[in-house]
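Each value in this text was obtained by applying a stated rule to the coordinates, not by laboratory testing. Fair warning: this is a prediction, and the values are worked out from it, not measured in the lab. Methodologically, a virtual Cβ is constructed for each residue, glycine included, from the backbone with ideal geometry; neighbour enumeration extends over all protein chains shown.
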Amino acid sequence: MREHKKNIRWNTMQLLTLGFLGVILLGGILLWLPVCNERPIAFADALFTSTTAVCVTGLVTITPAVQFTLLGKVILLLLIQIGGLGVIACATAFFLILKKKITVRERVVIQESYNMDRLGGMVGMVRRAIIGTLIVEAAGAVLYAVQFVPEYGMAKGIWYSVFHAVSAFCNAGIDIIGDSSLMEYVTNPVINITTMLLIILSGIGFTVWTDVISNSRKIFKNEVPRKWWFTRLELHSKIAIITTAVLIVSGTAAVLGMEYNNPDTIGNMSIGEKVMASMFQSVTTRTAGFATISQGALYTESKLICCILMFIGGSPGGTAGGVKTTTVAMLVIACITFVRGGRDTECFGRRIDNANIRTGFFVVLVAFTAFLAGVTAITVIEPENVPFIGILYEASSAIGTVGLTADLTPHLSRASQAVIMAMMYLGRLGPITLALLFGGKVHPRDKIRRLPKRRIMVG
């Protein structure tokens with residue numbers, strides 16, 4: 001009997017995953033209440049909206065600006081904030097509130113999530129991440145207020161500023177302005193720059209924040225030479241910063257080049273406005289979901305580029321989704337090393353552990369498998385006249401928790417919308433969380449036992 005109880009006892013990640021589902025269900029019920037709606041809403045739409053908020057995605061089947069009352073929008077904001085803080089941070093905060101002892105296994109999960117070298121100090125890391133989130137969101141709200149307060153008045157302007165600061169920083173991409181996201185502000189530098197800064201800061205990850213701030217303090221105190229600032233950063237921070245910059249620049253160049261003469265997107269803008277709109281598109285595809293140009297009007301080649309950017313996403317330890325910048329960079333470096341015949345995968349004078357590389361391949365494989373499964377399911381469910389590139393776009397947006405839409409999600413069948421919901425949920429949890437959820441414990445004997453090695457033919 002004791003052994004049976006031991007076998008059926010749920011682990012922390014299983015309880016956490018069910019708790020995450022519980023928040024989504026509770027949010028769906030609350031958003032379904034008449035007091036939260038200006039007009040009747042189907043429970044399926046309320047549940048979809050709750051899912052997209054908690055998973056900080058942004059795909060919607062209704063227009064939040066006109067559907068929900070003030071109470072409904074406040075609940076929506078809280079769901080976005082809970083989802084933006086993340087599974088690990090929320091779990092840690094929950095355990096601290098209940099004064100529950102955080103086990104070694106749970107500390108390892110937090111350690112991997114925030115890329116820490118030691119088990120100590122993780123609780124403080126999570127606490128700093130939460131405080132940092134609130135500070136940056138407040139700063140973003142102040143910047144938004146420069147535009148929204150004169151435009152909408154004091155009360156409404158402040159409310160809009162707070163909501164969109166949280167939505168942008170949490171990478172939710174949900175707006176309460178209208179039914180066209182931020183398209184009316186496509187040439188507005190205040191809205192564009194503020195939104196991009198919030199997206200980049202949250203997408204770079206809290207670990208990088210800590211590393212950059214720590215090294216900047218030492219530079220400011222003249223403890224180390226200024227020229228050593230980048231050199232002293234952790235390998236993770238270096239890769240995250242460089243990869244983020246490369247993706248932003250290359251994405252901007254790609255969108256600008258492909259959409260330059262498209263009259264339905266940026267074709268009729270000035271050079272400066274084209275560059276700003278292209279940069280915003282490059283940044284927002286990295287899991288934000290706000291749009292300043294029509295996604296449905298993008299050329300097919302532009303949509304394919306955006307699908308790649310959405311699949312990559314942001315960096316670990318933040319609010320972004322996707323397979324993560326550091327994962328892609330690490331695998332690219334590993335492939336280059338293999339082609340060159342190198343023995344070790346090295347970067348910035350450091351050797352990347354092979355186990356780390358295997359984890360990266362696992363993350364990409366699971367995410368791509370989920371993506372293909374979702375695309376296949378929607379293609380089978382929907383009629384043949386639904387454009388395949390549109391399905392690819394919505395699926396990439398869902399699995400990467402982005403929220404950009406080619407004007408397709410509201411018109412999908414309920415079955416396809418359920419597939420999108422599942423993809424958003426899986427994308428928010430991430431492959432590593434899923435592995436911890438379903439993976440079994442390794443037997444002590446298997447840790448030391450090694451079978452004879454054999455080679456198999458590949459390629």
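For I242, I131, what's the fewest-to-most ordering of other Cβ within 10 Å of each Cβ?
In order of increasing Cβ crowding within 10 Å: I131, I242.
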- Item | Alpha carbon centroid spacing (whole Å) that separates region 243-316 from region 46-63 | 23
- Of S302, S202, G157, which is farthest on the positive side of the dipole of the chain, counting Cα position, with +1 on Lys and Arg Cβ, -1 on Asp and Glu Cβ, and the Cα centre as origin? S202
- Of V54, V66, how do they rank once you tally other Cβ atoms within 10 Å and put the fewest first? V66, V54
- Can you give me the relative contact order of the chain as a percent, contacts being Cα pairs under 8 Å and 6 or more apart? 17
- Item | Cβ-based exposure ranking for F311, F220, in which fewest neighbours within 10 Å come first | F220, F311
- In nm, to one decimal, how far is the Y152 label point from the V246 one, both placed 7 Å along Cα→Cβ? 3.9
- Task: May I ask for log10 I(q)/I(0) of region 319-459 at q = 0.09, 0.12, 0.16, 0.20 Å⁻¹, from a Debye sum over the Cα atoms as equal point scatterers with solvent left out?
- Result: -0.41, -0.67, -0.96, -1.16
- Query: Between T376 and E301, what is the label-to-label distance in nm when each label sits 7 Å out along the Cα-to-Cβ direction?
  - Reply: 3.1
- Residues with amide H under 5 Å of C347's amide H, sequence separation 5 or more or different chain, H placed in the peptide plane at 1.01 Å from N; which? I352
